Amino acid sequence: MKIYIDGLFYRASGIGRYYETLTKEFAKRGIKIYTCVPRDLKIEFEKDFADTNNIEPLFVDYKKFSLRGFLMQSKILGSLQRKVDLFFFPHINLPYYVPERKNIIITIHDIIPLYPIYTQGILKRKIFYFLLKRALKYSKKVICVSNFVAGDLIKNFSSISQKIKVIYEFVDDKFVKQETYQNIKRLVEKPYILYVGNRKRHKNLGLLVKALAKVKNKIPHYLVIAGRKDKGKDEVDILIEKFWVQERIIQYLNPPDNIIINLFKYADLFVFPSLIEGFGLPPLEAVSLGCPVILSDISVLREIFGDAGFYFNPYDEDDLANVIVKLLSDSNLKNELLCRQKQRIKIFSKEKIIDQYISLFNELINSKL
């Protein structure tokens with residue numbers, strides 16, 4: 001089997017990790033991979049994939065959401081259409097030219113940009129809608145990372161329901177292999193609660209800051225915030241100053257994986273306060289490294305964690321504060337929760353999930369459509 005996987009978003013947050021993990025796993029299964037990656041990430045790519053065979057990368061000068069990028073992708077796809085069995089886009093940014101009668105698969109991670117409450121600027125929403133609608137039109141199969149995303153998509157584009165295949169995400173090996181983190185030295189000496197993720201509005205990080213202000217005199221824990229941040233002061237920074245919790249917060253901006261692994265390993269509790277998600281991978285990563293998680297009570301997290309979740313109202317800082325104190329003051333409850341959560345995440349077996357992808361690829365390749 002020969003496939004093209006688009007690497008436009010390589011090293012770009014969640015989609016970049018999704019691309020890297022799947023590309024490596026497909027190559028391990030003997031699939032020949034053709035891929036395009038931005039030229040300015042050539043060194044990083046060659047380092048990340050140094051031990052991976054069956055990959056033929058092409059490094060090109062293109063950027064996301066640019067006319068040059070669309071045209072460059074088009075040229076590349078045209079040159080590959082006789083070489084590959086299918087084109088796999090781990091995102092919705094299809095190029096200007098899409099090979100006719102070719103097997104095209106896209107992945108929808110979420111459609112959050114369509115919601116005005118979470119996305120600033122009508123232009124951004126219109127661009128996202130255009131790209132999404134076009135990608136749905138040209139794709140033969142649409143992978144959704146959860147049933148929640150599939151349902152959300154069908155509400156907005158009911159005609160594509162037959163194209164949809166739900167395939168869950170899984171935790172990268174670096175978060176589950178014992179040798180990855182067995183003897184690492186603790187980075188933060190003080191006891192702490194952890195948040196990992198970006199600071200976009202739907203991540204609801206402000207709620208956690210408010211909850212910290214309510215519990216800071218009841219527990220000795222600090223709040224560690226690790227993830228991407230836009231330049232300058234944001235809403236979270238303003239709340240940190242407003243509630244006078246600067247001295248109880250430690251921040252790691254754009255940390256590499258080895259730092260994130262360290263923070264997960266030694267955290268007493270991981271908090272995931274999102275208002276909406278497509279899947280929610282960080283809580284699974286936390287549990288994989290032995291850190292119990294508490295979650296906002298939203299449908300997709302109920303889908304992922306089921307009865308193993310410990311939920312709070314994502315609109316109520318008092319509820320979150322009470323849950324934090326309850327877990328951190330009862331070690332038996334915390335350990336019991338972690339045991340349930342470790343059992344739950346076994347559902348997201350890497351081998352089974354990769355099998356689902358390959359089965360879908362074979363189905364499409366062997367199809368007469």
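Pick from region 211-232 the residues that are over 27 Å from Asp110 (Cα atoms) and basic (Lys, Arg): which of them is surrounded by the fewest Cβ atoms within 10 Å (Cβ to Cβ)?
Top of the filtered list is Lys218.
Within region 311-350, count every residue that is touching a Phe, Trp or Tyr at 6+ places or on another chain (Cβ under 6 Å) and over 16 Å from Leu289 (Cβ atoms).
Qualifying residue count, region 311-350: 3.
Looking at region 174-191, can you tell me whether even one residue there is at pLDDT 95 or above and surrounded by 19 or more Cβ atoms within 10 Å (Cβ to Cβ)?
no
Does Ile261 count as assigned by TED's automatic domain parsing to the domain that holds Asp230, modelled with pLDDT under 95 and more than 22 Å from Lys210 (Cα to Cα)?
yes
Checking the structure you have, find out if any residue of region 62-69 is surrounded by 17 or more Cβ atoms within 10 Å (Cβ to Cβ) and either among the small types (Gly, Ala, Ser) or under 30 Å from Asp152 (Cα atoms) (or both).
Yes, some residue in region 62-69 is surrounded by 17 or more Cβ atoms within 10 Å (Cβ to Cβ) and either among the small types (Gly, Ala, Ser) or under 30 Å from Asp152 (Cα atoms) (or both).
Taking Lys28 as meeting all but one of (1) surrounded by fewer than 22 Cβ atoms within 10 Å (Cβ to Cβ); (2) within 12 Å of the chain's Cα centre (by Cα), write down the number of the exception.
Checking Lys28 against (1) surrounded by fewer than 22 Cβ atoms within 10 Å (Cβ to Cβ); (2) within 12 Å of the chain's Cα centre (by Cα), the one that fails is (2).
How many of the residues making up region 261-286 are out of contact with any strand residue (DSSP E or B) (no Cβ under 6 Å at 6 or more places or on another chain) and not small (Gly, Ala, Ser)? Full working, then the answer.
Residues of region 261-286 out of contact with any strand residue (DSSP E or B) (no Cβ under 6 Å at 6 or more places or on another chain): 261-262, 264-266, 268, 275-281, 284-285.
Imposing the further condition that a residue be not small (Gly, Ala, Ser) reduces the set to 261-262, 264-266, 268, 275-277, 279, 281, 284-285.
Residues meeting the conditions: 13.
Return the only residue of Ile261, Ile250 being of a type in the set (A, V, I, L, M, F, W, C), in contact with a Lys or Arg (Cβ under 9 Å, 6 or more places away or on another chain) and under 18 Å from Lys174 (Cα atoms).
Result: Ile261 is the single residue among Ile261, Ile250 that is of a type in the set (A, V, I, L, M, F, W, C), in contact with a Lys or Arg (Cβ under 9 Å, 6 or more places away or on another chain) and under 18 Å from Lys174 (Cα atoms).
From Ser79, Ser74, Ser139, Ser146, grab the single residue that is modelled with pLDDT under 90, among the hydroxyl-bearing types (Ser, Thr, Tyr) and surrounded by 15 or more Cβ atoms within 10 Å (Cβ to Cβ).
Only one candidate passes the filter, namely Ser74.
Of the numbered conditions (1) over 24 Å from the mean Cα position of the chain (by Cα); (2) touching a residue at least 12 places away in the same chain (Cβ under 8 Å), Gln251 fails exactly one; give the number of that condition.
For Gln251, the failing item is (1).
Tell me whether region 153-170 contains one or more residues that are of a type in the set (Gly, Ala, Ser), within 16 Å of the chain's Cα centre (by Cα) and under 23 Å from Phe279 (Cα atoms).
no
Quick check on my filter: what residues within region 237-260 are outside any helix (DSSP H, G or I) and acidic (Asp, Glu)?
Passing the criteria: none in range.
Please determine, by comparing only the residues of region 31-44 that are closer than 26 Å to Phe130 by Cβ and either touching a helix residue (DSSP H, G or I) at 6+ places or on another chain (Cβ under 7 Å) or assigned to a helix (DSSP H, G or I) (or both), which one is modelled with the highest pLDDT. If you could, list the steps in order and put the result at the bottom.
So in region 31-44, the residues closer than 26 Å to Phe130 by Cβ come out as 35-38.
From what is left, the residues that are either touching a helix residue (DSSP H, G or I) at 6+ places or on another chain (Cβ under 7 Å) or assigned to a helix (DSSP H, G or I) (or both) are 35-37.
Details: Thr35: 96, Cys36: 92, Val37: 93.
Residue satisfying both the conditions and the ranking: Thr35.
Of the residues that make up region 216-236, is at least one in a helix (DSSP H, G or I) and under 26 Å from the mean Cα position of the chain (by Cα)?
Looking through region 216-236, at least one residue is in a helix (DSSP H, G or I) and under 26 Å from the mean Cα position of the chain (by Cα).
Looking only at region 297-324, count how many residues are more than 29 Å from Val166 (Cβ to Cβ) and not β-branched (Val, Ile, Thr). Steps first, please.
First, pick out the residues of region 297-324 that are more than 29 Å from Val166 (Cβ to Cβ): 316-324.
This time we only want the ones that are not β-branched (Val, Ile, Thr), so: 316-322.
Total meeting the criteria: 7.
Can you tell me how many residues in region 67-123 are more than 20 Å from Leu136 (Cα to Cα) and assigned to a loop (DSSP other than H, G, I, E, B)?
9
Going by the structure shown, is Asn54 under 25 Å from Phe361 (Cα atoms) and either basic (Lys, Arg) or in contact with a Gly (Cβ under 9 Å, 6 or more places away or on another chain) (or both)?
Judged against the criteria, Asn54 is a match.
Going residue by residue through region 45-53, is there one that turns out to be surrounded by 14 or more Cβ atoms within 10 Å (Cβ to Cβ), under 23 Å from the mean Cα position of the chain (by Cα), in contact (Cβ under 8 Å) with a residue 12 or more places away in the chain and part of a loop (DSSP other than H, G, I, E, B)?
Yes - at least one qualifying residue is present in region 45-53.
What do you reckon, is Gln356 loosely packed, with under 14 Cβ neighbours inside 10 Å and of a type in the set (S, T, N, Q)?
For Gln356, the condition - loosely packed, with under 14 Cβ neighbours inside 10 Å and of a type in the set (S, T, N, Q) - is not met.
Quick grid of which residues meet (1) at pLDDT below 95; (2) more than 20 Å from the chain's Cα centre (by Cα):
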| site | (1), (2) |
| --- | --- |
| Gly309 | no, no |
| Phe312 | no, yes |
| Glu317 | no, yes |
| Leu327 | no, yes |
| Leu337 | no, yes |
| Lys350 | yes, no |
| Ile358 | no, yes |
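The values are calculated or read from the model by the stated rules, or taken from the named source; none is laboratory data. Since the model is a prediction, treat every value here as computed from it, not as a measurement. Note that we place each Cβ from the backbone using ideal geometry, even for glycine, and neighbour counts take in every protein chain shown.
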